[in-house]
Amino acid sequence: MATVKLNGRSVRIDGPDDMPLLWALRDLLAMTGTKFGCGQGLCGACTVQVDGGMARSCITPLGAVAGKSVTTIEGVGRTRVGGAVQKAWLDGNVPQCGYCQSGQIMSACALLASNPKPTDADIDSFMSGNICRCGTYPRIRAAIKKAGGVA
Ligand code: FES
Ligand code: FES
């Protein structure tokens, strides 16, 4: 069991401490915007933010986020950076199948929060753990630059 600040609201989650945060979000809270891909911390589909930093929710135990602030794709649009990123994603028609995209957006928001004007190299380095099987990387890069005010 853990109480977390989830998208700005205090929420008590009744799951075992070793349950992956991803399962708690999807199965206990029916928040299915965060996706299951590999389950091993390798693809980035399950990315959320914990206290503002990137976290792979498939390998983050629920007990580890007790008392912390968790932001998911359902709530990130209410932040200044998240709103700009989601608008840039829409304007640039970034998604193809869409499966990886909530994780991509969560990582992009974490990048821009710490580096508002990233270079191509900054983007490629920071986003390297977010895999897109559809190859939308050029559109992702352009949208990040647009949201950051570079493009
Ligand atoms: S599902 Fe978590 S990194 Fe792939
Ligand atoms: S849009 Fe299909 S996996 Fe990224």
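Using alpha carbons only, how many angstrom separate the centre of the range 58-76 from the centre of the range 93-131?
So the separation of the two Cα centres works out to 19 Å.
From the helices alone, meaning DSSP H stretches of at least four residues, give me the mean residue ellipticity at 222 nm for the chain, per-run term -39500 (n - 2.57), in deg cm²/dmol to the nearest 500.
When only DSSP H runs of four or more count, the value is -9000 deg cm²/dmol.
Using θ = phi - 60° and the Karplus relation 6.51 cos²θ - 1.76 cosθ + 1.60, list the HN-Hα couplings for the range 39-49 in order, rounded to whole Hz, with x at every Gly or Pro.
Values per residue, Gly and Pro as x: x, 10, x, 10, 10, x, 4, 9, 5, 10, 10 Hz.
Under 10 Å from the Cβ of Gly33, count the other residues' Cβ atoms, weight Lys and Arg +1, Asp and Glu -1, and hand me the total.
Details: positive: Arg26, Lys35; negative: Glu74.
Within the 10 Å Cβ shell, the charges total +1.
Please find, in a Gaussian network model of the chain (springs between Cα atoms separated by less than 10 Å), the residue of Gly53, Gly98, Gly82 whose mean-square fluctuation is greatest.
Maximum among the listed residues: Gly98.
How much net charge surrounds Gly15 when only other residues with a Cβ under 13 Å from its Cβ are counted (Lys, Arg +1; Asp, Glu -1)?
Details: positive: Arg12, Arg26; negative: Asp14, Asp17, Asp18, Asp27.
Within the 13 Å Cβ shell, the charges total -2.
Quick one: what Rg and Dmax do you get for the chain from the alpha carbons, in Å?
Expressed in Å, the Cα Rg and Dmax of the chain come to 14.7, 45.
Computed FRET efficiency, Cβ-Cβ of Ala30 and Gln96, R0 30 Å: what is it to the nearest 0.05? Present the calculation step by step, with values, prior to reporting the outcome.
Details: r = 26 Å, r/R0 = 0.86.
The formula returns an efficiency of 0.70 here.
Take the alpha carbon atoms of the range 68-121, find their radius of gyration, then divide it by 2.2 N^0.38 Å using N residues; give the quotient.
Details: Rg = 11.2 Å, N = 54, 2.2 N^0.38 = 10.0 Å.
Ratio of Cα Rg to 2.2 N^0.38 Å: 1.12.
Return the sequence-ordered ³J(HN,Hα) values of the range 85-90 in whole Hz as given by the Karplus equation 6.51 cos²θ - 1.76 cosθ + 1.60 applied to θ = phi - 60°, using x for Gly and Pro.
Each residue of the range 85-90 in turn: 5, 5, 5, 5, 5, 5 Hz.
Once both labels are modelled 7 Å past Cα along the beta-carbon direction, what's the Arg12-Tyr137 spacing in nm?
So the label points at Arg12 and Tyr137 sit 4.7 nm apart.
Figure the gain on full extension for Ser128 and Ser114 (residue separation times 0.36 nm, minus the Cα-Cα span) and round it to one decimal in nm.
Working: separation 14, 0.36 × 14 = 5.04 nm, distance 1.63 nm.
Value of the extension gain: 3.4 nm.
Going down the list Lys35/Lys68; Lys35/Lys87; Lys87/Lys117; Lys5/Lys146, which pairs span over 26 Å between their C-alpha atoms?
Long pairs (Cα-Cα over 26 Å): Lys5/Lys146.
Read the figures in this text as sums done on the coordinates, not as results from a lab. Worth saying up front: this structure is predicted, and the values here are computed from it rather than measured. FYI the Cβ positions are ideal-geometry reconstructions off the backbone, even for glycines, and counts take in every protein chain you see.
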